[in-house]
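Q: Okay, here's the structure, questions in a sec.
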Amino acid sequence: MFVLFGCQPKEITSAKIYIQRDDWQQAQTYLEAAVAQNPGNAEAHFLLGRAYAHHGRFRDMNKEFEQSLQLSDKFQHEINAERERYWISKFNAGITALDLGRTDMAEAALKSAIAIDPIRYEAYKKLGVTYLTKNEPRKAILLYENLLESLPENLDLLSSAANLYYSQNQFAKVIPILLRILAMDPSHRDALANLALSYDALDETEKAEKAYIAAIQANTIDKDLIFLFAAHHYRRGQFRKSIQLFEQVLVLSPNDFEATSNIGNAYLSMAEAIKKQLKDSVTGSVSAQDVHDLKSKAVLNYKTAIPYLEKSLEMQSDNPALWRNLGVVYINTGKREKGEQAFLRAEELQVQSVE
């Protein structure tokens, strides 16, 4: 059967025959000649773009597609379909390679996707992840910085850029991006949390606390946010405030190990601080009543720590640090035998971890 192509330059006719035979190299040769001889032929540019795409020359593909569209919109639908098909193929290939740990292949495929359609930012995001996986964070950062210049109000992109800066501990750079996100979406959970954590990392305590409060007010039953705020106070030795917040975590999640153990350790830390105060008071002018009151407060804190530490060990019985801490509170509450057993168990676990 013969296929009639109508009245068209013989180079295009020959190219179409080779395309039917799937001989794209010969088709490309004829189409380059067709474009040279008939630069105003939109179909010649379109077909040459297809030929270049077949050989992975995607920038040349786009050049020919754009030239075709400038001459006529006749092939608009086909051009869009071709770009979509190749973009999906390269993007999916990049994702698959990244999942398999083949980062060089992922980088090449994603760069091809970007060349096919530079407007679609999804490939840029995955390329950034690829650079991070390859331990090339600077390339990832440059990629996002350039992309944000062209898409400054893209919330999803801003979030990805913020996560990238945060992962690289570039807190001074992440904060302005987080503030931009919150200007667009004041209740954005991750932005609120990361803003608080970033201020925390920069020791901007007052700003951190305001950010934590705003985050929790917007997400009142988010135990992770409450936990982070509790940890903020714990690290600063503000144990009473941290205990109150860790207790809120336990209301939402009664078997949370970290909250339970931190409450026990906070009571222990307060007791130890009072004990040190008692030692320092030997050389000072402290009344007998004051000494008695301090001892009572210390013992009360030691006793209050016990149920939390014991429950923590029910959840994580091979934790030597918890056994040591429990030994301390047992000894200081008159339970010497149990304290010595706890210390012995801590030593056994410590030896086992070294072996």
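Q: If I ask for residues that are of a type in the set (Ser, Thr, Tyr), more than 18 Å from Ala214 (Cβ to Cβ) and surrounded by 15 or more Cβ atoms within 10 Å (Cβ to Cβ), which ones from segment 143-166 would you list?
A: Tyr144, Ser160, Tyr165
Q: Also, quick follow-up: With respect to Asn41, is the statement that it is loosely packed, with under 13 Cβ neighbours inside 10 Å and out of contact with any Lys or Arg (no Cβ under 8 Å at 6 or more places or on another chain) true?
A: no
Q: Yes or no: Asp203 touching a residue at least 24 places away in the same chain (Cβ under 8 Å), within 30 Å of Asp156 (Cα to Cα) and surrounded by fewer than 19 Cβ atoms within 10 Å (Cβ to Cβ)?
A: Here the answer is no, as Asp203 does not meet what is asked.
Q: Could I ask something else about it? Of all residues in segment 46-85, how many are surrounded by fewer than 21 Cβ atoms within 10 Å (Cβ to Cβ) and either within 37 Å of the chain's Cα centre (by Cα) or part of a helix (DSSP H, G or I) (or both)?
A: 22
Q: Here is a further query. Which residue out of Ala97, Ala162 is at pLDDT 95 or above, part of a helix (DSSP H, G or I) and of a type outside the set (D, E, K, R)?
A: Testing whether each residue is at pLDDT 95 or above, part of a helix (DSSP H, G or I) and of a type outside the set (D, E, K, R) leaves just Ala97.
Q: Any residue at all in segment 219-230 that's part of a helix (DSSP H, G or I), under 23 Å from the mean Cα position of the chain (by Cα), at pLDDT 95 or above and of a type in the set (Phe, Trp, Tyr)?
A: yes
Q: Would you check if Phe257 is surrounded by 14 or more Cβ atoms within 10 Å (Cβ to Cβ), more than 19 Å from Ala196 (Cβ to Cβ) and in contact with a His (Cβ under 8 Å, 6 or more places away or on another chain)?
A: Criteria not met by Phe257.
Q: Take the residues in segment 293-332 that are among the aromatic types (Phe, Trp, Tyr) and in contact with a Gly (Cβ under 7 Å, 6 or more places away or on another chain); name whichever of them is surrounded by the most Cβ atoms within 10 Å (Cβ to Cβ).
A: Tyr308
Q: Kindly indicate whether Leu110 is surrounded by 17 or more Cβ atoms within 10 Å (Cβ to Cβ), modelled with pLDDT of 95 or more, under 30 Å from Phe171 (Cβ atoms) and in contact with a helix residue (DSSP H, G or I) (Cβ under 7 Å, 6 or more places away or on another chain).
A: Yes: the conditions hold for Leu110.
Q: Would you call Ser89 of a type in the set (Ser, Thr, Tyr), assigned to a helix (DSSP H, G or I) and surrounded by fewer than 21 Cβ atoms within 10 Å (Cβ to Cβ)?
A: yes
Q: If you scan segment 167-177, which residues turn out to be surrounded by 14 or more Cβ atoms within 10 Å (Cβ to Cβ) and farther than 17 Å from Leu147 by Cβ?
A: Phe171, Ile175
Q: If you don't mind, another one. So for segment 114-129 (the condition being farther than 20 Å from Arg59 by Cβ, surrounded by 17 or more Cβ atoms within 10 Å (Cβ to Cβ) and modelled with pLDDT of 90 or more), does at least one residue qualify?
A: Yes, segment 114-129 contains at least one residue that is farther than 20 Å from Arg59 by Cβ, surrounded by 17 or more Cβ atoms within 10 Å (Cβ to Cβ) and modelled with pLDDT of 90 or more.
The values are calculated or read from the model by the stated rules, or taken from the named source; none is laboratory data. Computed from a predicted structure; not experimentally measured. All Cβ positions, glycine included, derive from the backbone under ideal geometry; neighbour counts span all protein chains shown.
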